[in-house]
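This report concerns only the one structure given below.
The values are calculated or read from the model by the stated rules, or taken from the named source; none is laboratory data. Being a predicted model, the structure only gives us computed values, none of them experimental. FYI the Cβ positions are ideal-geometry reconstructions off the backbone, even for glycines, and counts take in every protein chain you see.
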Amino acid sequence: MKLPTMRFIQLNKILKLCIITLLISYTGCTFPGSKKDTNRIRFTIQNTLAIPQKNIPINLSLERLKTVKSDFSLKAFSVVTGKAPKEAMIPAQADDLDYDGIRDQLTFLLDFLPQETKEISILYDPDVQATFTLEVKKQSRAGIFPELEASGAIESDLMAYVLKPNGSIIPYGKKREDLFSVDGMFQNELNYNQQLSPEFRQHFESNNIQLTQNPQAINIELITPEFSWIIHDLENQEDYYIRKSDQQLNLYKSIGLSLNQLLNDENTTLVPLIPQGTIIGCGGYLIYNKESKDYISLNDKKDYIRILANGGMRSVIQRILPEAEISGEIYKITVSSFIYSRNTWINQTIHLDRQLPTDIGLLVGIPKIGSDYGIDEELNMIWSWGTDPTDTHPLGYALFYSESLNDGIVDIDPSILSLSLRTNEAGHLYYRVLSIWDGGINTIQTKSEFLQYIKNMRITMDNEPTINFILGEVK
C-alpha cells in the first residue's frame, strides 16, 4: 500500500487523514492529547559549520536505530521535523543495500542554515507486516541499458552518468527547459520571499503553469544575490529556476529524469560532457601495472548488475565481478554507485575481497578540460575547469578522495588527471566525483565560483551534521 504523494507540507488535515490515521490504525501510534505514547524515535541534527548546507543526505542504518528502540522497523514509518502541532513531513526512503530482502538504511535530504540544529522524529509501527512508502516526485533513477553498451546508468534530476564495462563513467548534462521571461520589476518579490503578486502569477497562468493557491506552499530560495532564485511549489512538487539577464527574469525548469532519451537517435536534451571511449571518463576506475603503466582488463564473463535502490530520493546500482583475473589471481570486485536527488555528484564504493599485489594499482581520475586543472593536497581533491565539448557552457569536474588511501598522482594519459588509490584494510575504497554544467540549471559560471563551491563541498564532507538521539518516552 502506498501513501499519498507529499513533500514538505505541514501536517494539516490532509496529512492527518492520509498518513497519521494510517499509522494510528495500523500501528497504535498516537499523538499529543491521547493517552498512549507515540512510537517514535526523536533526535537532533546539527550543522556544526558556519556555512549553509543544501540537500545534504542523512543516512541512518536500521542497526543504529534499533539501538535506540529495539522494536524499530522500516516497514511502516514517516519522518517529520519540528514539534507538534507544527511538524512538517520530510520525504524519506528506506533501502535494502545488502540485498537480503530487508530494508536496512533510511535516507532523507535536509537543508541547513549556518550552525542550525533541527529536531527530527521518525514515527513507526513495529507490528505492521505490510510495507508503506511515502511516494514523492521521483528525482533519481537507476537502470540497466544494454543498448548503450553500458553496465548501467544512474541519474538525478540534474545530471546523468553512464557506467561502462571498462570502468569508465560518462557524464551527461541535462539541458534546462526554458519557460518564459518577465520584467525585472518582480525581483523584489524574490529577494524578500514575498507572496507572489497576482501580476506575477498571471505570467505563469499565461504559460499554462498552474501554481498552488496556498501561499504557505510557495517558498522562494535565493541562490546567488541579484542573479538567481528558485521558486518551490511544494504542493505540486515543482521547482522553477530564475536567472536575471539584461533587466529580465528568465524562468526555466529541469527536464527531470530522462535516461531513456539516450535511446533516442534524435536526443537533444542529454548532452555528453566527454567523448565516448575516454579512458576512465569522469570518476571511473581501472586496474594498472605500476611499472609498465599498462591497463589490466576487467573482463569477467560472470559479472552482473544489481539495482539496490531506485527511489525518489536515492538510486544505487551495483556491479559485481565474481571472478576478475588480475596478475594470474582471481579477485571478487564489487562497485557501487550512489546518486541523490537535487545533486550532481555520485559516490563510488569499490570493494576487493583482498589486497592487490604491491605492483598493481587502482587508478581513478577526471578529464583535463584544457589547461585549467589542479590538485589540492590540503583538501584531498583534484579538479578541472573549462567549457563543454561544444565550447558553449562552463563545465567543471572534481574528485574527492581520502588522504590515507592516496598513493599519489599518476601520469598515465595526457588527457586525464589521475591518481592511484588503494583500499583500506577491509578492502573498501570510497570517493566522490562531481560534474557541474552551466547548460543545465546550475548557476556556476566562473572558475572562482567553482573552486569555492568544491571547497565548501569538501568541508561539508569532512564535517557531516552531528546526530544526537533524545532518549526517553514522549509524553
Residue within region 404-424 that is buried (at least 18 other Cβ atoms within 10 Å of the Cβ) and over 24 Å from Ser292 (Cα atoms) present: no
If we ask which residues in region 268-305 are surrounded by 14 or more Cβ atoms within 10 Å (Cβ to Cβ) and more than 24 Å from Leu421 (Cβ to Cβ), their number turns out to be 4
Kindly indicate whether Thr358 is under 17 Å from His428 (Cα atoms) and at pLDDT below 95.
yes
For region 62-75, pairs from a residue that is buried (at least 19 other Cβ atoms within 10 Å of the Cβ) and assigned to a helix (DSSP H, G or I) to a residue that is at pLDDT below 95 and of a type in the set (Lys, Arg), with Cβ under 7 Å and 6 or more apart or across chains, are none
Checked region 201-220 for anything in contact with a Leu (Cβ under 9 Å, 6 or more places away or on another chain) and part of a helix (DSSP H, G or I); matches are Arg201, His203, Phe204, Glu205, Pro215, Gln216, Ala217
Only unsatisfied item for Ser371, checking (1) among the hydroxyl-bearing types (Ser, Thr, Tyr); (2) assigned to a strand (DSSP E or B); (3) free of Cβ contacts under 8 Å to residues at least 12 places away in the same chain, is (2)
Picking from Leu379, Leu451, Leu429, the residue that is of a type outside the set (Gly, Ala, Ser), at pLDDT 95 or above and part of a strand (DSSP E or B) would be Leu429
Apart from one, (1) crowded, with 17+ Cβ neighbours inside 10 Å; (2) in a strand (DSSP E or B); (3) over 26 Å from the mean Cα position of the chain (by Cα) all hold for Trp229; the odd one out is (3)
Counting only residues that are outside any strand (DSSP E or B), on the phi < 0 side of the Ramachandran plot and at pLDDT below 95, region 314-353 contains a total of 0
Those residues of region 432-461 which are touching a Leu at 6+ places or on another chain (Cβ under 8 Å) and of a type in the set (Asp, Glu) amount to Asp438
Over region 410-440, the set of residues of a type in the set (A, V, I, L, M, F, W, C) and more than 23 Å from Ser337 (Cα to Cα) is Val410, Ile412
